[in-house]
Amino acid sequence: MTVARACGVSELEQDAPLKVELEGHPICIVKDSAGEVFAIGDTCTHGNISLSEGFVEDDTVECWAHGSRFSLRTGQPLNLPAYEPVPVYAVTIDGDDVLIDPTVTVPTSEKEN
Ligand code: FES
């Protein structure tokens, strides 16, 4: 378990994804309109596109290339052409620090809200 500081909460703009790299894992961090912080794998499973360059709507991020939207909660694509999920990472907020363990993804049973 290697929990690391990914960024500061104060660095995150609402609905504006931030790409970070932790231990070689590209991660897309999003603070949604409700102020909740999510962390998912940054690479779209349809192509080598950074999801942090995409568009956030509610609790999804849309890949700009071909329009697949991924759930920030489950990592699942909600529409084609992507059909494989991206990993979801547990986020811990400690003061202003966004802490993530990039080596551990959230099991499916814990992803459902
Ligand atoms: S590369 Fe993301 S939907 Fe095609």
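The values are calculated or read from the model by the stated rules, or taken from the named source; none is laboratory data. Just so we're clear, the structure is a prediction, and the values are computed from it rather than from any experiment. FYI the Cβ positions are ideal-geometry reconstructions off the backbone, even for glycines, and counts take in every protein chain you see.
Contact map, region 62-75: first residue over 11 Å from residue 44 (Cβ atoms) and of a type in the set (Lys, Arg), second residue modelled with pLDDT of 95 or more and away from the ligand (no atom under 14 Å from the Cβ), Cβ cut-off under 8 Å, separation 6 or more or different chains; pairs are 73/38; 73/88. Selection of region 31-67 for residues being modelled with pLDDT of 95 or more, over 14 Å from residue 86 (Cα atoms) and either in contact with a Pro (Cβ under 6 Å, 6 or more places away or on another chain) or aliphatic (A, V, I, L, M) (or both) yields 37, 56, 65, 66.
For region 27-46, a tally of residues being without any contact (Cβ under 8 Å) to a residue 40 or more places away in the chain and more than 15 Å from residue 63 (Cα to Cα) returns 5.
Results for (1) more than 16 Å from the ligand (Cβ to nearest atom); (2) not β-branched (Val, Ile, Thr), shown as yes or no for each residue.
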site: 42; (1), (2): no, yes
site: 63; (1), (2): no, yes
site: 75; (1), (2): no, yes
site: 80; (1), (2): no, yes
site: 89; (1), (2): yes, yes
site: 103; (1), (2): yes, no
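A count restricted to region 13-24 and to residues that are surrounded by fewer than 18 Cβ atoms within 10 Å (Cβ to Cβ) and not acidic (Asp, Glu) stands at 4. I want to confirm something. Restricting to region 44-61 and keeping residues that are more than 9 Å from the ligand (Cβ to nearest atom) and more than 19 Å from residue 6 (Cβ to Cβ), which single residue is surrounded by the most Cβ atoms within 10 Å (Cβ to Cβ)? Per the stated criteria, the residue is 60. Surrounded by fewer than 20 Cβ atoms within 10 Å (Cβ to Cβ) and more than 9 Å from the ligand (Cβ to nearest atom): does that describe residue 36? Judged against the criteria, residue 36 is a match.
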